[in-house]
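The numbers here are math on the coordinates, done by the rules we state, and not lab data. Predicted, not measured: the structure shown is a model, and the values here were computed from it. So basically every Cβ, Gly included, is an ideal-geometry build from the backbone, and we count neighbours across all protein chains shown.
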Amino acid sequence: MNPLGHLLAARGVLSALPAAARQTITGREFFPGLISGPFQHGLVVVFALATALTALAALASALRGGRHVPPPDSAQPPEPGQHPASGQHPASGQHPASGQHPASGQHPASGQHPASGQHPASGQQRETPAKPA
């Protein structure tokens, strides 16, 4: 249904119009022709503004300068889950680089208990690697 015809019929205005005017207003060409001009103007304004803002953003980005990359010797931010001051994982108290599994105290790759220096399956002595300070 034509929206204009629906609005005019609800208020009783459509029945007061002559048949020719009623046919024109409720036809397939009147309402689309009525809104096409303002709709097109709105699209032109919106797209022109979007183009201008995009150009302004590109200019601001170009004038900003290069990307800042910190020198390699600067302090790195703490890893997620680390206390920033001590470098220890807050739940286990272990430093993540120590290689110890927080629950078992074993190095996850070798299965070696760090305190004994023995492999649990073979019982053979292994050299205990120096612990990081």
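For the pair Val13 and Ser36, label points projected 7 Å from Cα toward Cβ lie 2.3 nm apart. Suppose R0 equals 35 Å; then what is the FRET efficiency for Ala50 and Thr24 from their Cβ-Cβ distance, rounded to the nearest 0.05? Calculated value: 0.45. For segment 3-63, the Cα-based Rg and Dmax, in that order, read 20.7, 65 Å.
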